[in-house]
Every structure is written in structure tokens, then in C-alpha cells.
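Here the structure comes first, spelled out in C-alpha cells, and everything after it is commentary.
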Amino acid sequence: LAKTTQPISMDSYEGQEVNITCSHNNIATNDYITWYQQFPSQGPRFIIQGYKTKVTNEVASLFIPADRKSSTLSLPRVSLSDTAVYYCLVEGYYGGATNKLIFGTGTLLAVQP
Amino acid sequence: GAVVSQHPSWVICKSGTSVKIECRSLDFQATTMFWYRQFPKQSLMLMATSNEGSKATYEQGVEKDKFLINHASLTLSTLTVTSAHPEDSSFYICSARDPRDSSYEQYFGPGTRLTVT
């Protein structure tokens, strides 16, 4: 069974850039990588998704190397409200249907003033 | 963005009873919904994929007779935990994709906290 691993926790200060890496050595050709943010006792919220190279949106960037065995979520200039657990998700599709949904172990990001 | 709701947000039940959790897509139709379970300080684990009008697909190790899933309409899926026991206490979360989205983004419900006493 494919394992998707992340650092358990990270600390940062307001205004800093934070990079969280996810390892997914067994990623398959049809798999996408998605990152979610989760606050306590809430459902996860979508941050960004990619397949390869670099993707950027208004809140984050996602870097995926050529071998796609890892990915890095980059959060620019974090604030206190970014304190949360961040999950990477490897999801695969075949024939138009989802055939794999594996969440990473999660990284608790603590942002301090 | 699309909205997914869950009801109830929390429930306490006695051991041996059954509990039903509802998951609704409020502003889109979802042919597929996903049910997850999350224990404290752990990641989300996919339990099953709920397909409208057909049987759910359960992940390995998830008892289909204990966790009954019904996806009777394009906006509602239900998860019934039958003969609940304290070890079933967990945070249950559903999600769905909006077919109008070009991405594979999942929209998650707010979750249901189940406590079995």
C-alpha cells in the first residue's frame, strides 16, 4: 500500500515563507497531488492541486519535481490564521473514476507572532 | 465555491444502537461522494465511495454491513453506523466533487463527531 508521509510538525513566525514537503514514492502516472488545510473539528479545505512542475494560485505554490515522488507546498508570508494541519493527497483516476485517495500523515503548522 | 453540509454535527449514542449521518451537496449534484473517518490527531482514512443509484465501494478493512451507505439522490448520501461500539467513536467527514469544476477538488462537509458510550 502506497504511503504518503509528511513531517509531523513545523514552526514558523508571522511573515515568513513556509515550505511543507510530502513524500509519495509510489505515485502512479494517473495520480494528481492536492493539498488541503484543516482546522480542528472542521472538514479540510482545498489549497492547491498539481500534476508536475509548478503551480501557483492566490494563496500558495506547489512544486513537483520531474520524478513526482515528492511535492512541496509553499505558503508565502504566513499569518497566525494559517496555524492548521496541512495534508497532501495523492488521488488517482482511471476510466473517469477515482481509484485512489491516499491522504498524507499531515503536518501541524504553528505560526507564532 | 460548492458547499457540502453534514447533519448532525455531533451525536452521542449508546453502545449497540445505530446512528445515521447525512451528507448533502447544497448547490450542485454529486454522482459520487466520499466518506472518511478521522481519529484524533490522525489523518483522514477513506472508508467508502458512495455512488448515486448503485452500491457503495468500500475500502479494504471497512465492514460494509456495519457502515451502511445509501446514495439515493444526486444531493444526498447517508452513512449509518450500525450496532455502534465505543471504538467507532470518531470524526466522520464526507466530500464530493462538483462536476462543473475542471479540477479534481473535493468539497468537504464540516464533519460529524460521533461518541459512543
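The values are calculated or read from the model by the stated rules, or taken from the named source; none is laboratory data. Given the structure is predicted, the values throughout are model-derived calculations rather than measurements. As a convention, Cβ positions derive from the backbone with ideal geometry for all residues, glycine included, and neighbour counts pool all protein chains shown. Ligands, DNA and RNA are excluded from the accessible area calculation, which covers all protein heavy atoms including side chains. Shrake-Rupley method; radii C 1.70, N 1.55, O 1.52, S 1.80 Å.
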Having 1 or more residues that are within 14 Å of chain A (Cβ to nearest Cβ) and basic (Lys, Arg) is the bar; report the strands (runs of 3 or more DSSP E) wholly within the range B:1-105 that clear it. B:19-25, B:32-38
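Of the residues B:49, B:32, which is under 18 Å from residue B:97 (Cβ atoms), of a type in the set (Val, Ile, Thr) and within 10 Å of the chain's Cα centre (by Cα)? Reasoning before the result, please.
Values: B:32 fails: within 10 Å of the chain's Cα centre (by Cα).
None of the other options fit; the residue is B:49.
Tell me which residues, restricted to the range A:22-58, are in contact with a Gly (Cβ under 6 Å, 6 or more places away or on another chain), at pLDDT below 95, assigned to a loop (DSSP other than H, G, I, E, B) and of a type outside the set (A, V, I, L, M, F, W, C). Reasoning before the result, please.
Restricting attention to the range A:22-58, the residues satisfying the condition of being in contact with a Gly (Cβ under 6 Å, 6 or more places away or on another chain) are A:22, A:28, A:30-31, A:33, A:43.
Retained after the next criterion (residues that are at pLDDT below 95): A:28, A:30-31.
Okay, now just the ones that are also assigned to a loop (DSSP other than H, G, I, E, B), so A:28, A:30.
Within the range A:22-58, A:30 is the sole residue that qualifies.
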Within the range A:75-86, take every residue that is more than 13 Å from residue A:10 (Cα to Cα) and among the hydroxyl-bearing types (Ser, Thr, Tyr) and give me the one that is nearest to the other protein chains (Cβ to nearest Cβ). A:81
Note down all Cβ pairs under 6 Å where the first residue falls in the range A:40-51 and is within 7 Å of another protein chain (Cβ to nearest Cβ) and closer than 19 Å to residue B:46 by Cα, the second is open to solvent by less than 80 Å² (accessible area, probe 1.4 Å) and of a type in the set (D, E, K, R), and they're at least six residues apart or on different chains. A:46/B:105
Considering each residue of the range A:98-110, count those that are more than 16 Å from the chain's Cα centre (by Cα) and either at the interface with chain B (Cβ under 8 Å from one of its Cβ atoms) or within 16 Å of residue A:8 (Cβ to Cβ) (or both), and give that number. 1
